[in-house]
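The structure appears right after this line, and notes come after that.
The values are calculated or read from the model by the stated rules, or taken from the named source; none is laboratory data. Because the structure is a prediction, the values reported are computed rather than measured. Cβ coordinates were reconstructed from backbone atoms using ideal geometry, including for glycine residues, and neighbour counts include every protein chain displayed. Quick note on the areas: whole protein, heavy atoms, side chains included, nothing else; ligands and nucleic acids left out. Shrake-Rupley method; radii C 1.70, N 1.55, O 1.52, S 1.80 Å.
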Amino acid sequence: MLETLKHPKRLVVAPFRWLANFCRTSAWHKAACILVLVLVIITATMYGVARWYISSQANKPLQQGVTFIPAYAESLGLDAHQTLDALTDINVKHFRLVSYWDELEPKQGSYDFSSLDWQFQKINQANGTVSLAIGLRQPRWPECHAPSWVDTTQPATNWQPALQAFMRQVINRYKNNPALDSYQLENEYFNHFGECYNFDRQRLQDELNLVKSLDPNHPVIISRSNNYVGLMLRQPLPDKIGISVYRRVWDSQVTHRYFQYPYPAWYYAFLAGGEKMLTGKDSVLHELQAEPWPPDGKNITDISLSEQNKSFDARRFEDRVNFAQATGMREIYYWGAEYWYYRWQKLGDKSVWNVAVNTFAKQAGSQTKVNQETNPVTFAIAGDIQKANDDLKYGAATASLITTKIMPDYVLALGDLQYHDGKLADFKKYYAKTWGKQPIASKTYPLPGNHEYRTTNASGYYTYFGAENNHINGHQVSGPANKGYYAFDAGPNWRVYATNSERNYKAQQTWLRRDMAEHTATCTILAIHRPYWDYSTEHEGGGDAELAILKTFYNGGGDLMFTGHEHNYQRFAPANPYSNRVDTTNGIRSFVVGTGGTTNLYNSFGSKLHNATNLVENYDGTSWGVLRLTVSKTHYTWQFVPTSGSTFADSGSGDCH
């Protein structure tokens with residue numbers, strides 16, 4: 001040993017000598033060495049092809065999209081239209097759509113294209129593109145979507161003519177649509193999974209010939225089975241090869257545990273590179289898992305969020321995005337976009353949705369990050385919400401606006417939340433069924449109104465919202481416990497002051513003055529139940545207590561004020577509370593949004609108190625609704641969103657001081 005250490009070259013040579021001796025020891029050792037050498041050569045070759053492919057694609061633009069299936073969105077309890085709107089709102093431009101035979105031709109010769117038409121219309125409006133799945137086998141269970149009047153267990157000659165007649169209808173309807181980019185023919189055709197019974201290669205060739213004869217101008221994609229090792233070299237050869245990638249699944253056969261496929265990103269780069277070398281065909285990552293894989297054949301809606309996280313969460317989503325881009329393929333479609341929206345809207349967890357926002361913002365050329373420094377956030381704002389009887393109509397209607405149309409990050413509930421006396425029993429019996437449901441509840445920052453104080457010390461309100469120990473409704477806030485006023489930071493450079501119009505006026509002034517001096521937020525919001533500026537003749541504005549708080553807010557450079565109390569909507573010009581005159585430089589823009597759903601609306605206007613006649617810019621006493629406020633670093637926009645059947649509208653924008 002000492003002799004070997006004196007000669008470093010021997011340290012390098014010794015292992016090779018040992019290996020040579022090992023391989024000569026016996027025939028079995030020799031065979032093992034040959035096998036290892038072959039595997040090393042194969043792996044090195046595959047890796048070399050992968051690196052070549054990744055390098056050859058590096059300068060091509062990245063195109064990321066999603067699969068969207070309305071039926072799947074609805075199975076998650078979502079509205080399909082709103083789900084698609086939400087996806088286009090976050091800059092998703094490329095969609096893989098389906099044309100299920102059983103949905104579009106439920107009776108032979110009778111077609112209903114209304115659903116697919118509106119999807120194309122929405123995507124055209126968003127300047128997007130469509131990769132349209134066609135044929136019998138299309139994404140999602142049961143894989144083969146035959147109508148009830150067709151029996152695909154019979155020989156193909158019995159039903160293939162009807163399938164081809166259906167395909168002609170689909171292709172001829174959409175081949176000239178500006179959004180159409182490609183077709184996907186028979187999803188993972190040779191994968192023996194699902195309720196499919198025919199895997200004849202000639203049928204696939206016949207269908208490919210049909211598509212090209214009807215529309216020679218759009219490329220056709222045929223996708224491989226998941227993680228299949230081989231290459232697509234035989235006919236039928238499409239224009240592009242589709243690759244499906246699933247990373248973490250449930251093993252129901254052997255381990256009955258979650259299983260992570262071990263293939264690295266370069267393995268899929270090798271598959272794409274091999275196709276390019278041998279056939280000249282490009283490859284697309286047509287289906288990348290971006291949703292959980294439930295255990296034991298369950299549906300996603302059957303398992304808890306913690307169980308979902310075992311196979312997919314925000315961190316895994318980020319890893320999938322990076323993994324996909326590391327394959328070198330520049331056209332990527334994520335699988336499970338409906339789930340992202342479900343997780344946010346139904347489970348109250350926006351983490352996965354935020355990853356999607358960031359992913360598609362980057363694609364759109366924006367460097368926007370989903371964090372509180374730069375990304376715009378949205379508030380839903382209203383007060384005067386729930387009656388104390390079983391008629392939940394209007395409170396439920398405004399709650400529906402929040403969950404389906406506004407989809408906020410924060411909810412400001414402006415007092416008089418539970419009529420008529422703010423009793424704890426009423427909060428639990430009525431409010432809990434409308435604005436107290438998820439996902440609204442976990443986003444709500446409430447404040448008390450005069451009706452809450454009809455119960456001694458507003459005990460129902462404080463108990464229901466858990467307003468103690470610098471927390472309210474589970475949120476960490478800044479302010480004294482059980483006093484009804486607090487502050488919190490929201491979004492990019494904004495601070496919100498939720499105040500109490502019923503108690504502790506002088507203490508609030510001192511606290512507000514000190515807090516605004518200590519915090520350097522560029523933009524600020526004051527939320528208080530009773531309005532100071534008020535054009536309605538029902539209550540006609542606030543008094544000295546509201547004015548004192550308003551002046552303190554003005555002195556600290558305040559920007560926006562939101563109030564309730566009056567059961568109507570009003571918007572006022574930026575104003576100075578000392579003079580009650582328009583002040584476009586330092587004035588506070590204020591809103592009354594007492595339209596959350598309770599009792600009757602107040603439709604009598606004309607108050608002259610505090611110069612309201614000259615300050616009011618818009619008002620309405622006929623519509624229940626919620627105000628959507630979207631804030632960026634120094635800019636804000638507002639839009640009044642009315643309940644169904646109302647026609648009143650108000651919107652606008654402004655900048656912080």
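Before moving on, here are some points about what is shown:
- When residues in segment 24-55 are screened for being assigned to a helix (DSSP H, G or I) and over 14 Å from Trp266 (Cβ atoms), 17 of them pass.
- Residue identified as over 21 Å from Glu502 (Cβ atoms), in contact with a Phe, Trp or Tyr (Cβ under 9 Å, 6 or more places away or on another chain) and free of Cβ contacts under 8 Å to residues at least 60 places away in the same chain among Ala432, Ala380: Ala432
- All conditions but one from (1) modelled with pLDDT under 95; (2) assigned to a helix (DSSP H, G or I); (3) surrounded by fewer than 17 Cβ atoms within 10 Å (Cβ to Cβ) apply to Ser213; the one that does not is (1).
- Taking each residue of segment 571-585 that is over 13 Å from Met561 (Cβ atoms) and open to solvent by 30 Å² or more (accessible area, probe 1.4 Å) and looking for partners that are outside any loop (DSSP other than H, G, I, E, B) and among the basic types (Lys, Arg) with beta-carbon atoms closer than 9 Å, six or more apart or interchain, yields Tyr578/Lys551.
- Only one entry of Ser131, Ser114 meets the criterion of being out of contact with any helix residue (DSSP H, G or I) (no Cβ under 7 Å at 6 or more places or on another chain), at negative phi and open to solvent by 10 Å² or more (accessible area, probe 1.4 Å), and that entry is Ser114.
- Within this structure, Ile90 fails the test of being open to solvent by 40 Å² or more (accessible area, probe 1.4 Å), modelled with pLDDT under 95, among the β-branched types (Val, Ile, Thr) and at negative phi.
- Complete set of residues in segment 288-297 that are charged (D, E, K, R) and modelled with pLDDT of 95 or more: Glu291
- Only one entry of Leu609, Leu601 meets the criterion of being under 17 Å from Gly415 (Cα atoms) and either out of contact with any strand residue (DSSP E or B) (no Cβ under 7 Å at 6 or more places or on another chain) or crowded, with 24+ Cβ neighbours inside 10 Å (or both), and that entry is Leu601.
- Scanning segment 163-176 for residues that are more than 15 Å from Val98 (Cα to Cα) and either within 28 Å of the chain's Cα centre (by Cα) or in a loop (DSSP other than H, G, I, E, B) (or both) yields a single hit, Asn176.
- Subset of segment 1-23 [at pLDDT below 60 and part of a helix (DSSP H, G or I)]: Leu2, Glu3, Thr4, Leu5, Pro8, Lys9, Arg10, Leu11
- Cβ-Cβ under 9 Å pairs, at least 6 apart or on other chains, segment 111-128 side part of a loop (DSSP other than H, G, I, E, B), far side open to solvent by less than 20 Å² (accessible area, probe 1.4 Å) and hydroxyl-bearing (Ser, Thr, Tyr): Phe113/Ser99; Phe113/Tyr174
- Against the numbered list (1) part of a loop (DSSP other than H, G, I, E, B); (2) under 28 Å from the mean Cα position of the chain (by Cα), Tyr189 comes up short only at (2).
- Hits in segment 621-647 (condition: crowded, with 19+ Cβ neighbours inside 10 Å, closer than 22 Å to Asp489 by Cβ and in contact with a strand residue (DSSP E or B) (Cβ under 8 Å, 6 or more places away or on another chain)): Leu627, Arg628, Leu629, Val631, Tyr636, Trp638
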